[in-house]
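No lab work stands behind these numbers, since they all come straight from the coordinates. Owing to the predicted nature of the structure, the values given are computational and were not obtained by experimental measurement. Here the Cβ positions follow ideal geometry from the backbone for every residue, glycine too, while neighbour counts run over all protein chains shown.
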Amino acid sequence: MKSLKVESALMAVVKYFVCAIMLVVIAVPLYISVMGGFKSTGQLRAEPMGVPDPFYAKQYVDLLTGAQGSFWRELGNSVVIGLGTVAVVIAVGTFAAYALARIPFKLNSLLYGYFQLGLLFPLAVAILPLYLQLRTFKLLDTRIGVILPQAAFQLAMMLMLLRGFFKGIPDELEEAAAIDGYGRFGFLFRIVVPLSTPILATVGVITLVTSWNNFFTPLLVFNSLKKFTLPMGVMDFMGQHASDWNMILAFLTLAMVPAVILYVFCQKYIVAGLTGGAVKG
Amino acid sequence: MGKASFLTLAVLLGPALILFTAFVIIPVFEAAAFSFYKWNGLGPMVDFRGLQNYAQFLKDLIVHKALLHNLLIAVVSLAVELPLAMLLALIVSDRSFKGSIFFRTFFFLPYVLSEVITGVLWQFIYHPQYGLVKAVWAFLFPQAVAPALLGNTSTVIWAILVVVVWKYFGFHMTIYIAGLQDIPQEQIEAAKIDGASRWRTFWSIILPGMRTSVQLSVFFSIIGSFQLFDIVWAMGKGDPVNAGETIVTYMYKIGLQRFNIGYGGTIAVCIFFICLVFNVFYQKLLVRED
């Protein structure tokens with residue numbers, strides 16, 4: 001018995017060792033970013049890894065007060081684009097998924113298959129025509145021109161998640177609702193939607209994160225600096241402050257904060273949406 | 001509730017159909033149409049070239065280079081990233097392992113960060129005058145000048161690969177953790193009592209039990225490898241001299257920087273077919289194995 005104990009203790013040591021290495025691998029770049037923002041360029045050159053001595057908060061202060069860059073405006077733009085995309089995906093997706101999950105009609109499975117095609121088409125394939133199309137619709141350099149394509153490309157995956165969940169709602173509830181005099185829309189709004197808050201939260205959070213990190217669509221659509229989102233802002237800021245790496249790192253750190261906060265608070269929904277839905281789909 | 005009226009269905013499905021058709025389906029087919037023309041995106045599309053763009057695609061040395069890079073990314077994902085993700089999943093899925101929740105949360109963190117932020121951050125890390133590489137180099141070889149990994153044609157793709165693994169392994173780990181939860185704990189216990197080694201238990205019980213998760217993560221990592229754009233763009237746009245180019249960065253340059261929409265469309269169609277062919281073969285393979 002004793003050897004087993006020794007073995008499992010040894011195993012635990014190995015496991016913690018592996019985890020510790022990965023921890024360091026992930027933490028060091030983040031540490032460099034946070035600390036680098038507090039250094040002067042000279043400190044950064046002399047001591048890229050050390051703790052800044054003394055701390056220069058100027059970079060962060062300048063960015064937060066708007067003396068350098070336009071962090072708040074870009075943050076605001078990212079929020080507007082993100083929430084807009086979430087609103088469109090939830091509204092359009094809930095309606096369509098409800099019909100596909102709970103209403104029998106001739107073209108049902110054909111239509112579902114049509115939407116599933118979206119899983120095969122990456123944004124990259126459509127990007128050139130999309131650009132020309134947005135130009136024709138006069139949607140270039142508009143927020144709606146980013147929101148609509150983002151929502152459209154998110155739709156296939158989100159319909160899959162929503163439809164799966166809506167299918168699981170027991171038929172008895174629908175019959176009871178019919179007896180109470182609810183029509184299809186009454187059932188949708190009073191029963192299905194309240195019962196589906198977990199999946200709606202998952203869809204919302206994933207769409208928000210995807211939109212938040214999306215660089216390709218805004219890069220394609222936006223021309224005026226005033227509309228740039230955070231990822232674009234980061235690229236632009238870097239172009240303008242090519243050698244002020246302390247400034248760039250401070251900007252990066254600030255730009256990471258919202259995503260990290262969102263992740264910490266909504267981790268459950270993000271992980272559920274990316275894995276649960278995918279594994280069962 | 002019986003049959004639904006046409007109006008009900010139109011209200012429910014109409015918006016999604018319009019949105020999806022206008023911004024996903026039509027552009028994809030348009031790309032296919034463009035691919036037969038020489039066109040700069042302005043004026044009428046009249047210069048029909050038949051399969052000429054496709055012939056150019058097959059001969060284009062940068063295309064070969066870019067596709068090779070995509071393939072390399074796929075291979076490294078399968079050979080390094082997924083086994084790493086599996087190892088970590090096996091460790092942190094055990095709830096009696098102290099700190100498992102913390103490790104899980106932390107390992108997934110890079111996945112949540114934007115590709116652009118990740119890319120720029122790593123540009124700094126690789127920076128020969130400031131970054132981590134410089135610090136490590138100064139420690140190992142005090143006299144030598146640190147290499148510019150992103151500026152050197154023979155190292156840039158490997159430097160990008162490190163970042164890809166850094167950013168995405170947590171995603172695959174999370175898929176595996178979800179898969180591990182579906183394996184009955186009794187089976188593993190039973191194997192242990194029978195005296196099976198950990199290695200044996202892994203190969204004959206755990207791995208087969210995680211089939212779906214593994215299939216899924218293989219699928220995501222290969223498709224993802226062929227669609228990589230943001231990270232590469234943020235780490236030097238595929239340069240120097242196309243040494244970091246992927247097929248999507250090349251398409252972007254051709255289509256929206258040089259405004260050769262026709263040839264860009266050809267590249268887009270080929271990306272789509274590569275993904276489609278892979279998808280069909282993969283499904284077939286899986287069906288046969290079942």
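Descriptive notes on the structure:
- By the count of neighbouring beta-carbon atoms within 10 Å, fewest first, B:V116, A:V86, B:V287 end up ordered B:V287, A:V86, B:V116.
- In segment A:89-151, the trypsin sites (Lys or Arg not before Pro) that fall in loop regions by DSSP, at most 12 other Cβ within 10 Å: A:K106, A:K138
- Set of lysines with alpha-carbon distance to B:K192 below 25 Å, sequence-local pairs under 8 removed: A:K2, A:K5, A:K15, B:K98
- Shape call, segment A:2-63: gyration tensor on alpha carbons, a/c limit 1.5: prolate
- Net charge over other residues, Cβ less than 13 angstrom from the Cβ of B:M173 (K, R count +1; D, E count -1): +1
- Dividing the C-alpha radius of gyration of segment B:27-101 by 2.2 N^0.38 Å, with N its residue count, gives 2.01.
- The Cβ shell under 15 Å around B:S100 holds other residues with a net charge of +3, Lys and Arg each +1, Asp and Glu each -1.
- Residue exposure sequence - B:K134, A:K5, B:K237, B:K192 - by fewest surrounding Cβ within 10 Å: A:K5, B:K192, B:K237, B:K134
- Legend: ranking of residues B:E81, A:E174 from fewest to most surrounding C-beta atoms inside 10 Å; resulting order A:E174, B:E81.
- Taking other residues whose beta carbon is less than 11 angstrom from the beta carbon of A:A178, and scoring Lys, Arg as +1 and Asp, Glu as -1, yields -4.
- Chain A - mean residue ellipticity at 222 nm from DSSP helices (-39,500 (n - 2.57) per run, n ≥ 4, rounded to 500): -24000 deg cm²/dmol
- Membrane-span-like helices in chain B, defined here as complete DSSP H runs extending at least 27 Å along the helix axis by their C-alpha atoms with mean Kyte-Doolittle hydropathy no lower than 1.6, are B:156-180; this is a sequence and geometry rule, not a statement about a membrane.
- Relative intensity, log₁₀ I(q)/I(0), of the protein assembly as shown from a Debye sum that treats every alpha carbon as a point, q = 0.06, 0.10, 0.12 Å⁻¹: -0.34, -0.95, -1.32
- Once you reduce segment B:24-60 and segment A:136-171 to the center of their Cα atoms, the two points are 28 Å from each other.
- Label-to-label distance for A:F105 and B:Q283 is 2.5 nm, based on points extended 7 Å past Cα in the beta-carbon direction.
- DSSP H segments from chain A that extend 18 Å or more along their own axis, Cα-based, with Kyte-Doolittle mean of 0.0 or above: A:2-36, A:71-102, A:123-136, A:144-167, A:197-213, A:245-271
- A:E47-B:L61 FRET efficiency (beta carbon distance; Förster radius 41 Å; 0.05 resolution): 0.40
- Relative contact order of chain A, defined on C-alpha pairs under 8 angstrom at six or more residues apart (%): 30
- In chain B, helices alone account for a calculated mean residue ellipticity at 222 nm of -20000 deg cm²/dmol, with every DSSP H run of four or more residues adding -39,500 (n - 2.57).
- Using C-alpha pairs below 8 Å separated by at least 6 residues, the relative contact order for chain B is 29 percent.
- If you look at the Cα atoms of chain B, you get an Rg and a Dmax of 23.7, 82 Å.
- Filtered trypsin sites (Lys or Arg not before Pro), segment B:70-124: DSSP coil and at most 15 other beta carbons within 10 Å: B:R95, B:K98
- Rounded to 0.05, the FRET efficiency of the B:R258 and A:A178 pair, given R0 = 60 Å and the Cβ-Cβ distance, is 0.50.
- Whole-number D in µm²/s for segment A:71-240 (Stokes-Einstein; Kirkwood sum over Cα pairs; 4 °C, 1.567 mPa s): 74
- As a length-normalised measure over Cα pairs under 8 Å and 6 or more apart, the relative contact order of segment A:2-63 settles at 27 percent.
- Of the cross-linked pairs A:K58/B:K237; B:K167/B:K237; B:K59/B:K237; B:K38/B:K253, those separated by over 20 Å at the C-alpha level are A:K58/B:K237; B:K59/B:K237.
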